[in-house]
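Just below is one structure, and these are the notes that go with it.
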Amino acid sequence: MRIAVVVFPGSNCDIDLYEALHSVCQADVEYVSHHEKSLAGFDAVMLPGGFSYGDYLRAGAIARFTNIMPAIIKMANEGKPVFGTCNGFQILTEAGLLPGALKRNDCQRFVCKTIPLEVVNNETVFTRQYQKHERIALPIAHADGSYYADQKTLDQLEENHQVVFRYAEENPNGSLHNIAGIVNERGNVLGMMPHPERAVEALLGSSDGLRLFKSLLANGTAKVEA
């Protein structure tokens, strides 16, 4: 399985993602610049956290118009896995690959700490090595992580089992329904505010993020059917 990690101006978790896949999982992974227009030959793509273009307008709003985005959208439409963490999640919502939006934390401050999560859906290509309702610990680091959507969208997310991760004890940013991560209806696009790539070894304080990458790699090159 060949995986692309997209590097945007302001990305600061691209190395974290790369090393989690390359050094820990021994996966075939490459950096791909936002300037590129093709992802031919890749089986999955990952959008890292950071501050693309400085978030001058809205988080992810400018990155959504980069050269690489049509190729990412094409991969999503083909059923290939697309993953975005933190700023990557924001970009996925701005691009329309995931519903809703991420707004400023309710506390109006940047929040950086490890937080308990509940695995709500363990039947996605990203979560099959977790147990349903399992509690895990992953770090967060964001100022614009409060998930928002209208009531109809929230109802659809719940009914279609698109909520994958939920804040288990403390809601650090005011996200509606305590949402920490969601997938699209097809289940091949995952966006989440926590950083699994920063929790792949016990030395980092938690290895709970490792199974997300192992779940993906175990799927091989299979596409998620519509």
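A few points about this structure:
- If you take the Cα centroid of the range 81-109 and the Cα centroid of the range 141-203, the two points sit 9 Å apart.
- Correct option for log10 I(q)/I(0) by the Debye sum over Cα atoms at q = 0.11 Å⁻¹ [calculated from the coordinates] among (i) -0.57; (ii) -0.46; (iii) -0.65: (ii)
- With both residues required to sit in the chain, DSSP beta bridges show an antiparallel share near 60%.
- Per-peptide average of other Cβ atoms within 10 Å, ordering 67-75, 161-169 highest first: 161-169, 67-75
- Among LEU98, LEU204, LEU138, residue whose mean-square fluctuation peaks in a GNM of the chain (springs only between Cα atoms under 10 Å): LEU204
- Taken along the Cα-to-beta-carbon direction at a fixed 7 Å, the label points for SER33 and TYR148 span 3.6 nm.
- Which listed pairs, of LYS74/LYS132; LYS132/LYS214; LYS37/LYS152; LYS103/LYS152; LYS37/LYS132, have C-alpha distances above 28 Å, in listed order: LYS74/LYS132; LYS37/LYS152; LYS37/LYS132
- Calculated FRET value between ALA101 and ARG128, using beta carbons and R₀ = 25 Å, to 0.05: 0.35
- Only the Cβ atoms of Lys and Arg (+1) and of Asp and Glu (-1) were treated as charged; on that basis the dipole of the chain about its Cα centre amounts to roughly 180 debye.
Quick note: the coordinates plus some simple rules give every number you see, no bench work behind them. Predicted model only: the values in this text are computed from it and were never measured. Every residue, glycine among them, receives a Cβ derived from its backbone with ideal geometry; neighbour counts consider all protein chains shown.
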